[in-house]
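Scroll down for the structure; my scribbles are underneath it.
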């Protein structure tokens, strides 16, 4: 089986995707514990949801976990982490740290004593609490069923993005613009809180024009337990339908008459998030 080496250390040892996955799994176990204790619904999304369908766990070359929490539960989620998150972990979000970049996922929950440098070259982590390995958490909102209305509201955020990126890269914290982006996204979400369509918050503007993953509410909620790496985590109610709409109908494993196989071409099976990492000691890179 392919090891998917992420880093070769000076002493000849290697850090593989599997090593990173097992460390990330510790964070997910803790998030699940906190959410269950505080009755906060959450779901694994994106590639993590696809992993549930195809592998009952991580996709072998996937180097992260993505999850969501509904907007109505967001503040309770933040408060639950403040009260109950084990000291081995910490979290970063704009609600608690104005240096957090709101154009990236709504929150990062990190593991102490580790370090990761992301591929993202536009918006570096400015939070001084650390650069530990992480799980991305995004807010899920109701969105307009009209694709042009939806696109117009997303455009408002995209129009602000270049200014925010520029200011961030000359080390000016655009707090006012961050608040404006969050205000735009919250106003849009509340207007569509009863919509039949849901997606990640429009404050995250990186999806392609008219290609934002939007799903029927009945396919997303209520979140349902699934097998993941020998434990059970929550994901979309109809997880196979949602991931098929997100990644296309050919994303699910196929049967060739003898075995199930992943249809993704071998040359595309690559980890994509880490430039550098250390699973044993925290480092900083603020260049």
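Before moving on, here are some points about what is shown:
Residue-by-condition table, conditions (1) assigned to a loop (DSSP other than H, G, I, E, B); (2) under 18 Å from the mean Cα position of the chain (by Cα):
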{"position": "15", "(1), (2)": "no, no"}
{"position": "18", "(1), (2)": "no, no"}
{"position": "29", "(1), (2)": "no, yes"}
{"position": "40", "(1), (2)": "yes, yes"}
{"position": "53", "(1), (2)": "no, yes"}
{"position": "79", "(1), (2)": "no, no"}
{"position": "90", "(1), (2)": "no, yes"}
{"position": "99", "(1), (2)": "yes, no"}
{"position": "102", "(1), (2)": "yes, yes"}
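- The single condition among (1) free of Cβ contacts under 8 Å to residues at least 60 places away in the same chain; (2) part of a helix (DSSP H, G or I); (3) crowded, with 19+ Cβ neighbours inside 10 Å that residue 74 does not satisfy is (1).
- If the condition is being within 22 Å of residue 139 (Cα to Cα) and in a helix (DSSP H, G or I), then the stretch 163-184 contributes 164, 165, 175, 176, 177, 178, 179, 180, 181, 182, 183, 184.
- Residues satisfying the criterion are absent from the stretch 215-222 (criterion: within 21 Å of residue 2 (Cα to Cα), in contact with a helix residue (DSSP H, G or I) (Cβ under 6 Å, 6 or more places away or on another chain) and modelled with pLDDT of 90 or more).
- Pair list, Cβ under 7 Å, 6 or more apart: the stretch 80-97 residue more than 18 Å from residue 24 (Cα to Cα), other residue in a strand (DSSP E or B): 93/107
- Within the stretch 130-152, considering residues that are part of a helix (DSSP H, G or I) and surrounded by fewer than 19 Cβ atoms within 10 Å (Cβ to Cβ), the one nearest to the chain's Cα centre (by Cα): 151
- Listed by position, the strands (runs of 3 or more DSSP E) contained in the stretch 188-252 that have at least 1 residues being within 30 Å of residue 33 (Cβ to Cβ) and free of Cβ contacts under 8 Å to residues at least 40 places away in the same chain are 224-228, 231-235.
- Of everything listed in (1) modelled with pLDDT of 95 or more; (2) buried (at least 19 other Cβ atoms within 10 Å of the Cβ); (3) farther than 16 Å from residue 212 by Cβ, the single unmet condition for residue 177 is (2).
- Any hit, the stretch 107-128, residues being within 19 Å of residue 199 (Cβ to Cβ), touching a strand residue (DSSP E or B) at 6+ places or on another chain (Cβ under 9 Å) and modelled with pLDDT of 95 or more: yes
- Pick from the stretch 237-262, criterion touching a strand residue (DSSP E or B) at 6+ places or on another chain (Cβ under 7 Å) and under 24 Å from residue 219 (Cα atoms), ranking: surrounded by the fewest Cβ atoms within 10 Å (Cβ to Cβ): 254
- Verdict on residue 87 being at pLDDT below 95 and surrounded by fewer than 22 Cβ atoms within 10 Å (Cβ to Cβ): no
- Any hit, the stretch 54-67, residues being touching a residue at least 40 places away in the same chain (Cβ under 8 Å), out of contact with any strand residue (DSSP E or B) (no Cβ under 6 Å at 6 or more places or on another chain), within 19 Å of residue 219 (Cα to Cα) and crowded, with 19+ Cβ neighbours inside 10 Å: yes
The values are calculated or read from the model by the stated rules, or taken from the named source; none is laboratory data. Note that this is a predicted model, so its numbers are computed, not measured. Reconstructed Cβ throughout: ideal geometry from the backbone, glycine too, with neighbour counts over all protein chains shown.
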